[in-house]
Amino acid sequence: MTKQESPVIRMEKISKSFGAVKAVQEVDSHLSHGEILGLVGDNGSGKTTLMKILAGVYQPDEGSIYLEDDKVKFEHRFVARAMGIEMVFQDLGLCPGISIAENMFMGRELTKKFLGIEVLDKKKMMSESARCLKNVGIKMPSSKMRVRNLSGGQQKAVAVERAVYWDTKVVIMDEPTAALGVKEQQSVLEIMRNLKKKDMGIIFISHNLEEVFSVADRIMVLSRGRKISDICKEDVTKEEIVRMMIT
């Protein structure tokens with residue numbers, strides 16, 4: 001089996017506790033290239049904790065993670081990011097007072113040599129941010145616009161594009177359509193479909209089953225830290241998923 005045919009990510013027997021609370025208990029999971037996995041469960045089911053382990057925010061107490069069949073250890077978020085795992089958090093992590101381009105390259109600024117001195121390449125950052133946003137189907141008046149002046153959907157697009165720009169293999173989206181209007185929700189879902197076409201693996205955490213069923217290939221259900229089901233979308237109904245979540 002080639003690496004392209006293998007799962008891009010595989011998690012085996014992942015467990016994580018916070019004191020007496022067992023947040024995640026022996027969870028197995030996998031994700032293929034060009035696949036959207038819907039991760040669902042009630043509040044406190046362990047969804048975000050499991051994904052923060054994958055993103056290097058938390059360390060698992062037990063279990064293993066494999067990236068394209070190679071066993072890896074994400075000791076920090078920056079290690080996971082360097083290996084191609086990105087997570088878009090609910091708070092987005094954007095700085096509202098600076099431009100789209102500056103947010104896109106924050107902490108990873110592009111530079112050039114000028115009279116032998118390394119300086120910021122602002123022109124390239126502007127053009128690259130505009131090109132990338134166009135690639136995911138989002139129209140912006142200018143990369144110079146400050147993030148505070150963008151709509152909620154546009155801000156989500158900036159956060160997602162920042163995550164996928166750096167040779168990303170897997171992007172985790174934590175409730176990306178929360179607090180958005182219907183039109184903006186559809187724009188975010190369309191971004192996911194476009195990323196899928198680019199062969200990227202996507203994990204979509206959501207409480208909105210309508211949205212999950214509209215884009216996901218598989219649906220994984222967690223309850224009280226345990227995996228209840230991992231099933232193809234075509235083989236299950238929303239009503240069955242709800243029953244799994246609450247029982």
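The values are calculated or read from the model by the stated rules, or taken from the named source; none is laboratory data. Just so we're clear, the structure is a prediction, and the values are computed from it rather than from any experiment. Cβ atoms come from the backbone with ideal geometry, glycine included; neighbour counts cover every protein chain shown.
Conditions (1) under 23 Å from residue 173 (Cβ atoms); (2) part of a strand (DSSP E or B); (3) touching a residue at least 24 places away in the same chain (Cβ under 8 Å); (4) charged (D, E, K, R), marked per residue:
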| position | (1), (2), (3), (4) |
| --- | --- |
| 53 | yes, no, yes, no |
| 63 | yes, yes, yes, no |
| 78 | yes, no, no, no |
| 86 | yes, yes, yes, yes |
| 92 | yes, no, yes, no |
| 95 | yes, no, yes, no |
| 102 | yes, no, no, yes |
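Residues in the range 62-106 that are farther than 17 Å from residue 161 by Cα, within 17 Å of the chain's Cα centre (by Cα) and of a type in the set (Lys, Arg): 77 only. For the range 227-236, the candidate set comprises residues that are within 21 Å of the chain's Cα centre (by Cα) and either of a type in the set (D, E, K, R) or crowded, with 19+ Cβ neighbours inside 10 Å (or both); within that set, the residue that is nearest to residue 188 (Cα to Cα) is 233. Can you name the number of the only condition in (1) over 20 Å from residue 169 (Cα atoms); (2) charged (D, E, K, R); (3) surrounded by fewer than 19 Cβ atoms within 10 Å (Cβ to Cβ) that residue 68 fails? Of everything listed in (1) over 20 Å from residue 169 (Cα atoms); (2) charged (D, E, K, R); (3) surrounded by fewer than 19 Cβ atoms within 10 Å (Cβ to Cβ), residue 68 misses just condition (1). Across the range 132-153, the qualifying residues are those that are at pLDDT 80 or above and either aliphatic (A, V, I, L, M) or under 16 Å from the mean Cα position of the chain (by Cα) (or both), and the one among them that is farthest from residue 103 (Cα to Cα) is 150. Summed over the range 1-51, residues that are assigned to a loop (DSSP other than H, G, I, E, B), polar (S, T, N, Q) and at pLDDT below 95 total 5. The residues of the range 106-131 that are modelled with pLDDT of 85 or more and buried (at least 19 other Cβ atoms within 10 Å of the Cβ), listed by number, are 125, 126. Taking the conditions (1) among the β-branched types (Val, Ile, Thr); (2) more than 22 Å from residue 7 (Cα to Cα); (3) touching a residue at least 60 places away in the same chain (Cβ under 8 Å); (4) out of contact with any Asp or Glu (no Cβ under 8 Å at 6 or more places or on another chain) in turn, residue 182 satisfies each one other than (3). Every listed requirement among (1) over 28 Å from residue 242 (Cα atoms); (2) part of a helix (DSSP H, G or I); (3) within 17 Å of the chain's Cα centre (by Cα) is met by residue 127 save one, (3).
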